[in-house]
1. Only one of (1) surrounded by 10 or more Cβ atoms within 10 Å (Cβ to Cβ); (2) outside any helix (DSSP H, G or I); (3) at pLDDT 85 or above; (4) not hydroxyl-bearing (Ser, Thr, Tyr) fails for residue 62. Which number is that?
2. Return yes when residue 41 is at pLDDT 95 or above and β-branched (Val, Ile, Thr) and no when it is not.
Amino acid sequence: MGQNQLKMMASDPEIVKEINIIHEEFMTTEMDGLTDHKKRIDKRRSEIAKNGEETLKALSLGQGKKGTAEEIKAYLLEDEDEFY
């Protein structure tokens, strides 16, 4: 394809219009995806905050255990021995 043919194609108003439509559709789809992703993040943050509040409440009532992951794991495994 020669340089003149490329210039003619690029200046065709219908092609430019179609490219703009495709670009707008793409951007709308991307924005929708980002909005959904943000909603999922916000929902998860709310769940984490709620779980944190419940954990602190349980600890203040003496219904929970505090410790490192290894300490909690050891505590939970101690209970398993009672079942065997």
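The values are calculated or read from the model by the stated rules, or taken from the named source; none is laboratory data. Since the structure is predicted, the reported quantities are computational estimates derived from the model, not experimental observations. Note that we place each Cβ from the backbone using ideal geometry, even for glycine, and neighbour counts take in every protein chain shown.
1. (1)
2. Values: at pLDDT 95 or above: yes; β-branched (Val, Ile, Thr): yes.
So residue 41 fits the description; yes.
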